[in-house]
Structures are given as structure tokens and as C-alpha cells.
Amino acid sequence: MQLYELELNDGRRISPFVWRVKLALAQKGIAADTIGIGFGDKDKIAFSGQGLVPVLRDGERVVSDSWNIACYLEDQYPDMPSIFGGPVGRGLARFVARWTDITMLGNLAVLMMPCVFDHVPERDRAYFRQDREKRFGMTLEQMREDPEGKIAAFRQILLPMRVCLRDQPFLSGDAPAYADFCVFGGFIWAASVSDYKLLSNDDLLYAWRERMMGRFEALISASPGVVFT
């Protein structure tokens, strides 16, 4: 099994969507060889019929998109620990995945784009700058402005998760599952490229993040550059 993912300087593997798959594989107890590619290496995943990571190759099977890969792993390897906890859990996890994409990562993106740029290899920097500045309608330098304000706004949108964590240790209940992987993947992305303190030490999400680290410490510690603050 091979997993294709984005790789930046110093071997940093940053994609929050790839991290969802890595955490799902770890939950299943499945080993996969990881293959890092740069922003300009889309030809290396052309066999998948599209140009985005993650891409999973399992023998002759090729699956792209983090949600599709999670569903594939759950259906193809049903005798291994579940990623979703059943059909109802799968449906709820899809909602959390989309909420994370739109709300959590959407709010975090402007803060993180300049940090990502700092670790992009020289050969990909012109492409990254042009693409992200067009996408967000501002320069990377403008994105760097007022990080404290952006962090404060980011903390506010996480309130629903804090309310959930008052009553249970993980977003998915007594044990982590795909909903947790989606949110945790976003925090790993941030920790891979920045030293911003996104959570205060007394935040319920800070304690949750520590519990997630405890569950997946071997996986996280093996990834260059991931430092939680």
C-alpha cells in the first residue's frame, strides 16, 4: 500500500487531508509506504485521474480524496478496528468533515498560508504565491497581518467542539474516530508550519489534543517539524 502526500522542506508532510488518512490507517493498524511530492509534481499522481493528494494505491486499486479513502479502508478492511463506528457514525463523520473543511480550515487558512510559504521549496514558491494570492484576494504579506486577531477569531468558532468535550473525552465519544481525525489533522497542519499558540492551556480542546497525541504519538513524533504549542 502506498500513500502519496505533499512534502515541503525538511521533509514536512503538512496536508490536513492526508493526515486524516494517516490517522485512519493507524486506527486500522495498516502500514503504508508514504511518497512525498511537491506542488509541481502532479504528474506523479496522474495515474489517479486528478491532481490532488491524498492518493492511496492498494495493489491495483487507486483511491483519491480523504473521505473516499476512509470509506474504502472501512469497507475493504471491515475486520480491523472501525474508523467510523458503524453507518450512523459514518454519516455524522461526513458532516464533521465538511464542517471542518468549511469552518475550521476556512478560518485557519489565511493565518497559515504565509507559514506554509516559508517552508515551500524554492522551485514551487512562485506557483504557490500566485495561486494563494489569487485564491484569497490578498498578498501573503497582507495575510501575515494581525495574527493575534485571527487566532482569537479561530478560537471562537471552535465553541461547539468545546461544548461536546464537556461530556466526553473525544468528539466521537469514548474513543477517537474519523470526526476526531478531521479536526486533529487541521491542528497537525498548523503545528507543522507555525509556532502559533492556537489553544490556551485551559481550553478543553487543548486537553483533547493532548489525548489525541497520546493515542497517536508514534505517528506524530515520526513526522518532521510537528511541534504543538
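The values are calculated or read from the model by the stated rules, or taken from the named source; none is laboratory data. Just so it is clear, the structure is predicted and the values come from calculations on it, not from any experiment. All Cβ positions, even for glycine, are placed from backbone atoms using ideal geometry, and neighbour counts span all protein chains on display. With ligands, DNA and RNA removed, areas are computed over all heavy atoms of the protein, side chains included. Shrake-Rupley method; radii C 1.70, N 1.55, O 1.52, S 1.80 Å.
Here are the numbers for the structure shown:
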| read-out | value |
| --- | --- |
| Residues of the stretch 121-141 that turn out to be within 22 Å of T103 (Cα to Cα), open to solvent by less than 90 Å² (accessible area, probe 1.4 Å) and part of a helix (DSSP H, G or I), as a count | 5 |
| Hits in the stretch 15-25 - residues which are open to solvent by less than 10 Å² (accessible area, probe 1.4 Å) and in contact with a strand residue (DSSP E or B) (Cβ under 6 Å, 6 or more places away or on another chain) | V18 |
| Residue within the stretch 18-38 that is among the aromatic types (F, W, Y), assigned to a helix (DSSP H, G or I) and touching a Gly at 6+ places or on another chain (Cβ under 7 Å) present | yes |
| Residue pairs meeting the criteria (Cβ under 7 Å; at least 6 apart or on separate chains; first without any contact (Cβ under 8 Å) to a residue 40 or more places away in the chain, in the stretch 182-206; second open to solvent by less than 10 Å² (accessible area, probe 1.4 Å) and assigned to a loop (DSSP other than H, G, I, E, B)) | Y206/L199 |
| From the options L52, L56, residue that is modelled with pLDDT of 95 or more, in a strand (DSSP E or B) and surrounded by 15 or more Cβ atoms within 10 Å (Cβ to Cβ) | L56 |
| Selection status of L92, open to solvent by 60 Å² or more (accessible area, probe 1.4 Å), assigned to a helix (DSSP H, G or I), farther than 20 Å from L204 by Cα and of a type in the set (A, V, I, L, M) | yes |
| Residue, farthest from L158 (Cα to Cα), within the stretch 67-89, restricted to residues that are touching a residue at least 60 places away in the same chain (Cβ under 8 Å) and of a type outside the set (A, V, I, L, M, F, W, C) | S82 |
| Qualifying residue in the stretch 159-166 (condition: among the charged types (D, E, K, R), under 30 Å from G29 (Cα atoms) and in a helix (DSSP H, G or I)) | yes |
| Residue selected from the stretch 187-201 under the condition open to solvent by 10 Å² or more (accessible area, probe 1.4 Å) and of a type in the set (F, W, Y), by the criterion farthest from L8 (Cα to Cα) | Y196 |
| Meets criteria (open to solvent by 60 Å² or more (accessible area, probe 1.4 Å) and more than 16 Å from S15 (Cβ to Cβ)) for P78 | yes |
| Cβ-Cβ under 7 Å pairs, at least 6 apart or on other chains, the stretch 39-51 side within 13 Å of E7 (Cα to Cα), far side open to solvent by 60 Å² or more (accessible area, probe 1.4 Å) and assigned to a helix (DSSP H, G or I) | F39/Y127; G40/R123; G40/Y127 |
| Count - residues of the stretch 142-186 that are out of contact with any helix residue (DSSP H, G or I) (no Cβ under 6 Å at 6 or more places or on another chain), open to solvent by less than 10 Å² (accessible area, probe 1.4 Å) and under 21 Å from D118 (Cα atoms) | 0 |
| Given (1) over 17 Å from S221 (Cα atoms); (2) part of a helix (DSSP H, G or I); (3) open to solvent by less than 20 Å² (accessible area, probe 1.4 Å), number of the condition K44 does not satisfy | (3) |
